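Values in this text are rule-based calculations from the coordinates and carry no lab data. Quick caveat, the model's predicted, so the values are computed rather than measured. Here the Cβ positions follow ideal geometry from the backbone for every residue, glycine too, while neighbour counts run over all protein chains shown.
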Amino acid sequence: MSNVDLTAKIPNNVDLAQDKRLLRALEQWQPNYLAWWKDMGPHGFQEKDVWLRTAIAVDAEGWAHFDYVKMPDYRWGIFLADPVADRRIGFGDACGGPAWAVVPGEHRNVLRRLIVTQGDTEPASVEQQRLLGHSAPSLYDLRNLFQVNVEEGRHLWAMVYLLHSQFGRDGREEAEELLQRRSGNPDKPRILGAFNAPIENWLDFFMFTMFTDRDGKYQLLALAESGFDPLARTTRFMLTEEAHHMFVGETGVERVVQRSAELMRQDPNGDVRAQGGIPLDVIQKHLNLWFALSLDLFGGEISSNAASYFAAGLKGRAYEDKFSDHSALHESYRMPVVKQGKLIEEDVPLRNAMNEVLRDAYVDDCQRGVDRWNKRLEEAGLPDRLRLPSKRFYRHIGIYADLPFDPDGNLVGGPASPRREANAEWQRRRGEWLPSADDKAYVASLQKAVRQPGQIANWLARPARGIKGLPFEYEYVRLD
Ligand SMILES: [Fe+2]
Ligand SMILES: [Fe+2]
């Protein structure tokens, strides 16, 4: 595997020292990045020692090194997965042709857009999470938050490297703008909706890393198939980091569920709230919210853009190898569409349904996580179960956008109900399905920092194990 030069000012395995122009450009961007990190990164913990892993190699085993690091000293850098010899484009019209080592002129604008859109999500999530450290339920969780944050910072580096190395002046300008947009700022918002939504508490954070980081996984899987080889190689390495983010989310929600189940059983009336835990219906509402916001990130169900990305070999399906027909020209995708207030099934040419194909793979993966959470409820002898809402619920993008679907995927009031009445009915019932002001206030009331090693907030179960063989009691963040 290619060596990582960790001692360089910008750690990398792309022989940056050989390309003086690129090196200079990135070295000019670096202080701006650090200024952004100090301004918009985790608030209040920049000088603390955090037990972090840093990439030191890009192969599957042992790529990471663990040690105490102050976050601004983290070795952010540029790591690409090793090249595949004689790599070929795996799908679309140019299937079988050689992969591109340099951005092809005819695809330049589209690729830049795809890279900027992916890149924008990385600093956005750091901004969304910047205050959470002050209410961390344990030092273990605090450390995991910071691990996710520094790696999202590195993902920004990954995309900025592509912009600088392949897109000339436009790329450099885009790289600057990635540091200028701000999550939730109405004047200069981040590009995608879910990345402007506030992450106000740790239940939001766990749901975000479960559902929204998992969208990231699927976008990266689709880009890892790209015929544009530098993009494929960089996203392949990002996926290894992404896995940890989803672990944080999936096990985080699992621990909330497990603790709620324990507290329900402890209370004579089965009342979780009376015991200071989070009720299952409140968990379900947060699940509904973040699942729906994350589904929107895949784009419209019927999309000519998605078709052209696929045709051009720029963005494939997750695990394209598993499909037998890589042209996707002869099949169609059957999906429910709304016609005159009714849901009817329609066949869409498969290339135009590529967003939906990717979304389906994502939904299956989410379902696996929900099943795991439900196992905890089952083991606790409780009849309650969590579930994913319909793909049509609370959508803001695509053919179901802003239509009054309930979590079962039915139009509120039925097909005969006039739209205005249905919308009013949906609004009336909103608090049954999405976190209400009361729910938010209650969850907020539980967000108190726990800072002693080995201790944990009452609403959350301890993890099954600590990090890298260390116990849960380890001092993962040194606070003094
Ligand atoms: Fe990321
Ligand atoms: Fe992530």
Exercise. From the cross-link list K391/K468; K20/K322; K322/K391; K315/K391; K285/K315; K38/K468, which pairs have alpha carbons spaced over 30 Å apart?
Worked result: K391/K468; K20/K322; K285/K315
Seminar exercise, completed: Diffusion coefficient in µm²/s returned for the stretch 45-134 by Stokes-Einstein, Kirkwood Rh over C-alpha pairs, 20 °C and 1.002 mPa s, is 126 µm²/s
Exercise. Which percent of the Cα-Cα distances in the stretch 265-307 go past 12 Å?
Worked result: 70 percent
Seminar exercise, completed: Rounded to one decimal in nm, the spacing of the 7 Å Cα→Cβ label points at D325 and E473 is 6.1 nm
For this session: Please list 243-251, 118-126 highest first by mean number of surrounding beta-carbon atoms within 10 Å per residue.
Result: 118-126, 243-251
Exercise. Can you list the residues, at least 5 places off or on another chain, whose amide H is less than 5 Å from the amide H of R88, using H built in the peptide plane?
Worked result: A99
Problem set entry | Cα-based Rg / Dmax (Å) for the stretch 112-157 | 12.2, 40
Exercise. Across the stretch 115-126, in residue order, what do the Karplus-derived ³J(HN,Hα) couplings come to in whole Hz, using 6.51 cos²θ - 1.76 cosθ + 1.60 with θ = phi - 60° and x for Gly and Pro?
Worked result: 5, 5, 5, 5, x, 5, 5, 5, x, 4, 5, 4
Seminar exercise, completed: chymotrypsin sites (Phe, Trp or Tyr not before Pro) in the stretch 264-338 lying in a DSSP loop, each with at most 13 other Cβ atoms within 10 Å of its Cβ, come to Y319
Seminar exercise, completed: Output ordering of 374-381, 69-76 (per-residue mean of other Cβ within 10 Å, highest first) is 69-76, 374-381
Problem set entry | Hull volume in cubic angstrom per residue (convex hull over the Cα atoms of the stretch 103-248) | 97 Å³
For this session: Be a star and scan the stretch 281-305 for residues whose amide nitrogen sits under 20 Å from the point 7 Å along the Cα-to-Cβ vector of R429.
Result: 281-293
Seminar exercise, completed: For the stretch 18-29, in residue order, the Karplus 3J(HN,Hα) values (coefficients 6.51, -1.76, 1.60; θ = phi - 60°; whole Hz; Gly and Pro = x) are 6, 10, 4, 4, 5, 4, 4, 4, 5, 5, 6, 6
Seminar exercise, completed: Of the stretch 341-355, those with amide N under 13 Å from the point 7 Å along the Cα→Cβ vector of S304 are 352
Exercise. So what are the three principal axis dimensions of the stretch 278-347 from its Cα atoms, in whole Å, longest to shortest?
Worked result: 48, 34, 21
Problem set entry | Anisotropy class of the stretch 25-64 from Cα gyration tensor, a/c 1.5 cut | oblate
For this session: Could you rank the peptides 226-236, 443-453 by their average count of other C-beta atoms within 10 Å per residue, with the highest value first?
Result: 226-236, 443-453
Exercise. Could you state the number of Å between the C-alpha centres of the stretch 306-323 and the stretch 361-383?
Worked result: 30 Å
Seminar exercise, completed: Note to self: Kirkwood Rh of the stretch 191-343, Cα pairs, one decimal, Å, is 18.2 Å
For this session: With only Lys, Arg, Asp and Glu charged, each at its Cβ (+1 for the first two, -1 for the last two), find how big the charge dipole of the stretch 239-359 is about the Cα centre; round to the nearest 20 debye.
Result: 240 debye
Exercise. So what is the diffusion coefficient of the stretch 328-480 in µm² per second by Stokes-Einstein at 20 °C and 1.002 mPa s, using a Kirkwood Rh over Cα pairs?
Worked result: 108 µm²/s
For this session: In whole angstrom, note down how far apart the Cα centers of the stretch 25-84 and the stretch 406-480 are.
Result: 29 Å
For this session: Quick one: which residues, 5+ away or cross-chain, put their amide H under 5 Å from the amide H of Y333? H built at 1.01 Å from N.
Result: V348, L350
Exercise. What value does the stretch 182-254 have for Rg/Rh, both radii from Cα atoms and Rh as Kirkwood defines it?
Worked result: 1.05
For this session: Give, to the nearest whole percent, the P(r) tail of the stretch 365-411 beyond 15 angstrom, counting all Cα pairs.
Result: 54 percent
For this session: Could you bin all the Cα-Cα distances of the stretch 17-94 into 5 Å bins starting at 0 and give me the percent of pairs in each, rounded to whole numbers?
Result: 3, 11, 14, 16, 17, 16, 10, 7, 4, 2, 0
Seminar exercise, completed: Of every Cα-Cα pair in the stretch 1-52, the percentage lying beyond 19 Å is 46 percent
Problem set entry | Sites matching trypsin sites (Lys or Arg not before Pro) across the stretch 244-344 that sit in DSSP coil, with at most 11 neighbouring C-beta atoms within 10 Å | none
For this session: For the chain, just the Cα atoms, rotate onto the principal axes and tell me the three extents in Å, largest first.
Result: 69, 63, 42
Seminar exercise, completed: Largest-first semi-axes in Å of the equivalent ellipsoid built from the Cα gyration tensor of the stretch 393-469 are 40, 16, 9
Exercise. Which aspartates and glutamates, on any chain, are close to K448 with Cα under 19 Å apart, when same-chain ones fewer than 8 places away are left out?
Worked result: D141, E200, D204, D438, D439, E473, E475, D480
